[in-house]
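Working notes, structure below.
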Amino acid sequence: MKSLEQPKPSILFSFPPELHLEILSHLTRVEDQVSASLACSCWRNLLSNSESLRNIRYAIPQGEHTGIHPLVSPETSWLSITSQAGVVKAYNLWRFNYQDNEAVRRSSGFDPEANNDEEAILKHQRNYPDIKSPISKLDISSCQFLDEPFFSPYLQLEVPENDWRDNFELGEPIPDQAMLKNMLRGFLVPIYSSEGYPFERHFLSFQVSREQIPGLTLRALLDIVAKGSGEAIREDIGYGFKLPMNLESEHDILIDQNWFYRSAFSPPEMCVKAIVIPCDDKEREDAIQIIDARKASGIVYC
């Protein structure tokens, strides 16, 4: 009887640390860095502890803006939490099928006749997922990136004394750095329900307070989102309507960096958006019925 041979260690582990650093420095998407960190302990340690790799990570453009952790809005994926009764059960990265190019053109303002810029379309396509058609779901609960600062440690940001929106006039350019600094005063988390694209409805919001900002990590923010979303699900969304979500069931909540307008005449503010996905088809169908009932009674729900 032949004895079982021990598998030979990968040649990868014979490389010097400098070569590993060179390999990892070419990962320019945060989701690729996450996958690498979960592949082996060597890469996990380098990606977590190397200052140069950490600098690359925070420099990755995120939602057109830099300054907050890029995992909030990965280039091709969606950060999510699995939450039950306001408590996080898992942290995940989702990939979805997306709307076809014609749908993206229409939804994002492209002229389908005049604009054939495929690169621009692909850039917008990530924002139009078909949540009923997921491709993959990767559990990243053990990823150390979640314990990194929510705000980039490489930016010299000071809490502004005054809210820049107080003197803002419609039509003025949007000052990105002013908006980012304003987040240090506390920022909004608007909560949406999504019964499947294009149904995405804002129903409540809550505030991350200024007192919660110092030392805020990405994982701590996601825990705050889970608790706030759980409390929001219990709330009446107006005129006696409630979303038909079972708080004791597990729900996936997609996370994204976004803009939020408190009214048609107010300036935008940078926020972290949470999209609660129904736990099953029945919950989804019940939610759509409530939306239809609100519309029939003349209540705008958007």
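The values are calculated or read from the model by the stated rules, or taken from the named source; none is laboratory data. Keep in mind the model is a prediction, meaning the values are calculated, not measured. Every residue, glycine as well, gets a Cβ built from its backbone with ideal geometry; the counts of neighbours run over all protein chains shown.
In table form, for the structure just shown:
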read-out	value
Scope the range 23-45; condition out of contact with any Phe, Trp or Tyr (no Cβ under 9 Å at 6 or more places or on another chain), small (Gly, Ala, Ser) and closer than 18 Å to residue 79 by Cβ; matching residues	35
Contacts under 8 angstrom Cβ, first residue in the range 146-165 being closer than 13 Å to residue 58 by Cα, partner modelled with pLDDT of 75 or more and of a type in the set (Gly, Ala, Ser), 6 or more apart	149/215; 150/220; 151/67; 152/67; 154/59; 155/67
Tally, over the range 181-211, of residues that are of a type in the set (A, V, I, L, M, F, W, C) and either at pLDDT below 90 or surrounded by fewer than 16 Cβ atoms within 10 Å (Cβ to Cβ) (or both)	7
Qualifying residue in the range 152-165 (condition: at pLDDT 65 or above, aliphatic (A, V, I, L, M), in a loop (DSSP other than H, G, I, E, B) and in contact with a Pro (Cβ under 8 Å, 6 or more places away or on another chain))	no
Entirely in the range 1-89, the helices (runs of 4 or more DSSP H) that have 3 or more residues that are exposed (fewer than 12 other Cβ atoms within 10 Å of the Cβ) and modelled with pLDDT under 95	17-24
Residue 214 being assigned by TED's automatic domain parsing to the domain that holds residue 76, under 20 Å from residue 72 (Cβ atoms) and at pLDDT 80 or above	yes
Breaking point among (1) modelled with pLDDT of 90 or more; (2) surrounded by fewer than 20 Cβ atoms within 10 Å (Cβ to Cβ); (3) assigned by TED's automatic domain parsing to the domain that holds residue 247, for residue 93	(2)
